[in-house]
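Asker: To start, I am sharing the structure in question, which I have written as structure tokens.
The values are calculated or read from the model by the stated rules, or taken from the named source; none is laboratory data. The structure presented is a predicted model; accordingly, all values stated were derived computationally and were not measured. Only protein heavy atoms, including side chains, enter the accessible area calculation; ligands, DNA and RNA are left aside. Shrake-Rupley method; radii C 1.70, N 1.55, O 1.52, S 1.80 Å.
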Amino acid sequence: MGEITITEKEFRQFQQLIHQVAGIHMSSAKKALVCGRLMRRLRQFALKSYGDYYRLVTSGDKPEELQIAVDLLTTNETHF
């Protein structure tokens, strides 16, 4: 499977999703991060686009996948 690129529309969908679910604003500079962190999931499900993965995550058919996507796209920090 070759490299899959994310469209502006698909990136905006993930920006909105992360904002809704986690309250995090993801700037446009994070586009490469989104691609890098989600590519393995696209390959695991043999998906052809980030849009296909977005539909999988938001469909409710695999509720655990939404949490996996959120975990991949967020960075948990611990301060002592």
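Asker: Where in the chain are the DSSP H helices whose C-alpha atoms run 15 Å or more along the long axis and whose mean Kyte hydropathy is at least -1.0?
Answerer: Membrane-span-like by this rule: 8-22, 31-44, 63-73.
Asker: Right, next: Might you tell me the accessible area per residue for the chain, computed with a 1.4 Å probe and given in Å²?
Answerer: On a per-residue basis, 66 Å².
Asker: How about residue 62: which lysines have a C-alpha closer than 19 Å to its C-alpha, ignoring those fewer than 8 places off in the same chain?
Answerer: The reachable lysines, counting only those whose Cα sits under 19 Å from residue 62, are 48.
Asker: Then there's this: Report the full-extension gain for the segment residue 68 to residue 46: residue separation times 0.36 nm, less the Cα-Cα distance, to one decimal in nm. Write down the numbers at each step before the final one.
Answerer: Working: separation 22, 0.36 × 22 = 7.92 nm, distance 1.66 nm.
Extra length from residue 68 to residue 46 when fully extended: 6.3 nm.
Asker: Of all the accessible heavy-atom surface of the chain, with the other protein chains kept in place and a 1.4 Å probe, what percent is carbon and sulfur? Could the numbers behind the result be given before it?
Answerer: Values: 2670 of 5280 Å².
Carbon and sulfur: 51 percent of the exposed surface of the chain.
Asker: Return a whole-number percent for the relative contact order of the chain, with Cα pairs under 8 Å and 6 or more residues apart as the contact set.
Answerer: Relative contact order comes out at 33 percent.
Asker: Expressed as cubic angstrom per residue, what is the convex hull volume of the alpha carbon set of the chain?
Answerer: Convex hull of Cα atoms, per residue: 104 Å³.
Asker: In terms of solvent-accessible area of protein heavy atoms at a 1.4 angstrom probe, what is the ranking of 71, 52, 61, highest value first?
Answerer: 61, 71, 52
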